[in-house]
Amino acid sequence: MATKKIHFTASETEQAQTALRRLIHQYGQSIISHADVIVALGGDGFMLESMHRYMSANLPIYGMNQGTVGFLLNNYEEDDLHERLDAGQITKLHPLKMIVRDTSDRITEALAINEVSLLRESRQTAKIEISVDGHVKVDELTCDGVLVATPAGSTAYNFSAHGPILPVNAGVLALTPISAFRPRRWRGAILPREAKIDFRVLESIKRPVSAVADAVEVRDVSSVSIEEARDITINLLFDPEHNLEKRILDEQFTQ
């Protein structure tokens, strides 16, 4: 089997930069346009940043943990990297596409690999109407916010907000309220990945709300539309014993 051409990238931490220098010395460095695979060194935050940065490159990304969390990453080992890359298993992810209209009628679009979240900006609770596929499902959610999470992002902010953990290949999204006051008994919903979710911010001037797609934040929003971007595919590469599907499944049984 031909040796893969690798483009290494790393976070700015001393640990990750040291690993970067060692791996480039051992395996060389290909420019991104000639590479077969991207190897990212850092934590989950840097891995998320790398997925956004190299989304258009259409290359598999193999992360190695040189950070603090490492849920999206493989163990860091310097030896036998070519063999690990050849044996790696691909997990395909599709980001969420967020289209936001703010109170000045400006339109902003952004992509989210983990989640899109709406969050109150002030001491006032947010009031948000929720529609799915053009049908109003919640007339008025009084809350700190609400989010839509992908399966890959379901173990992050979504899980902290008591949302469900979703298997990667389940074909669903999580719709999760954040500190909901009313309706008191609503705990969110699991939606098919084809669903289009629309949020309308009620009393948007008195109760300002921001919308966040991963690292992109839009302030003072009036409406937000979210759907999966099926035309965009992100390929993550995992060691067979550390594949993302198994990790997310195991997370449901952690104490």
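Please treat every number below as a calculation from the coordinates, not as lab data. None of the values given here were measured: they were computed from a predicted structure. Quick reminder, even Gly has a Cβ in these numbers, built from the backbone with ideal geometry, and neighbours come from all protein chains shown.
Each residue of region 20-34 was assigned a 3J(HN,Hα) from its phi angle through the Karplus expression (A = 6.51, B = -1.76, C = 1.60, θ = phi - 60°), giving 4, 4, 5, 6, 5, 4, 7, 10, x, 10, 9, 5, 4, 6, 10 Hz with x at Gly and Pro.
In what sequence do GLU49, GLU78, GLU12, GLU217 fall when counting other Cβ within 10 Å, fewest first?
Lowest count first: GLU12, GLU78, GLU217, GLU49.
So what is the diffusion coefficient of region 96-228 in µm² per second by Stokes-Einstein at 4 °C and 1.567 mPa s, using a Kirkwood Rh over Cα pairs? Roughly 91 µm²/s, to the nearest whole number. By the rule of a C-alpha distance below 24 Å, with chain neighbours fewer than 8 residues away ignored, the lysines paired with LYS137 are LYS97, LYS127, LYS196, LYS206.
Start at zero, step by 5 Å, and the Cα-Cα distances of the chain spread as 1, 6, 13, 16, 17, 13, 11, 9, 6, 4, 2, 0, 0 percent across the bins. For region 158-163, 3J(HN,Hα) computed residue by residue from phi via the Karplus equation (6.51, -1.76, 1.60; θ = phi - 60°) reads 3, 5, 5, 8, 6, x Hz, glycine and proline entered as x.
Applied to region 38-55, the Karplus parametrisation 6.51 cos²θ - 1.76 cosθ + 1.60 on θ = phi - 60° returns per-residue 3J(HN,Hα) values of 10, 10, 9, 10, x, x, 4, x, 5, 4, 4, 4, 5, 4, 5, 5, 9, 4 Hz, with x for Gly and Pro. Amide H contacts of ARG182 (H built 1.01 Å from N, in plane; Pro and chain starts excluded): THR142 sit under 5 Å, all sequence-distant by 5 or more or on other chains.
Relative contact order for the chain: what is it in percent, counting Cα pairs under 8 Å that are at least 6 residues apart? Value for the chain: 21 percent. Just to verify a number: FRET efficiency for GLU83 and GLU217, C-beta to C-beta distance, R0 = 41 Å, to 0.05? After rounding, the FRET efficiency stands at 0.50.
Kindly give the semi-axes, whole Å and largest first, of the ellipsoid equivalent to region 1-135, taking each as the square root of 5 times a Cα gyration tensor eigenvalue. Each step should come with its number before you reach the end.
On the way: eigenvalues 270, 58, 37 Å².
Sorted largest first and rounded, they come to 37, 17, 14 Å.
Each of ILE165, ILE32 was scored by other Cβ atoms within 10 Å of its Cβ. Arranged with the fewest first, they read ILE32, ILE165. Each of ILE128, ILE31, ILE90, ILE226 was scored by other Cβ atoms within 10 Å of its Cβ. Arranged with the fewest first, they read ILE31, ILE90, ILE226, ILE128.
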